[in-house]
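Below: the structure, in structure tokens.
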Amino acid sequence: MTGSDEDPMPSLFLSHSSTDRSSSVDLASHLEAGHRCKVWLSESAIGVGQDPFDEIYLSIERCDAIVVLLSRASVSSEHVS
């Protein structure tokens, strides 16, 4: 998901710990519904057979901003940035 001249909605990459999956889905829904943002969330964006790390890096480059869901689990994770 990317922001563009054709699509004025900003795109956000939501970084979170897999432990916080439920909270991240809730936050993404809130941002998309209430704040007119497109949210990239790994649960719905990475397909079978795709390399998750490649998809994450590409999406970070394409999104307008990064949102980090901070929690004890995310602070302890080496994958949350």
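Quick rundown of the values:
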{"item": "Matching residues in the range 28-81 - criterion: being within 10 Å of the chain's Cα centre (by Cα) and surrounded by 15 or more Cβ atoms within 10 Å (Cβ to Cβ)", "result": "Ala28, Lys38, Val39, Trp40, Leu41, Ser42, Ala45, Ile56, Ser59, Cys63, Val67, Leu69"}
{"item": "Some residue of the range 5-19 being exposed (fewer than 15 other Cβ atoms within 10 Å of the Cβ), free of Cβ contacts under 8 Å to residues at least 60 places away in the same chain, at positive phi and over 9 Å from the mean Cα position of the chain (by Cα)", "result": "no"}
{"item": "Test for Leu70: is it of a type in the set (A, V, I, L, M, F, W, C) and not in a loop (DSSP other than H, G, I, E, B)", "result": "no"}
{"item": "Meets criteria (assigned to a helix (DSSP H, G or I), within 11 Å of the chain's Cα centre (by Cα) and surrounded by 15 or more Cβ atoms within 10 Å (Cβ to Cβ)) for Val25", "result": "yes"}
{"item": "Subset of the range 1-51 [within 23 Å of Arg72 (Cβ to Cβ) and at pLDDT below 80]", "result": "Ser42, Glu43"}
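The values are calculated or read from the model by the stated rules, or taken from the named source; none is laboratory data. Keep in mind it's a predicted model, so treat the numbers as computed, not measured. We place every Cβ from the backbone using ideal geometry, glycine too, and count neighbours over all the protein chains shown.
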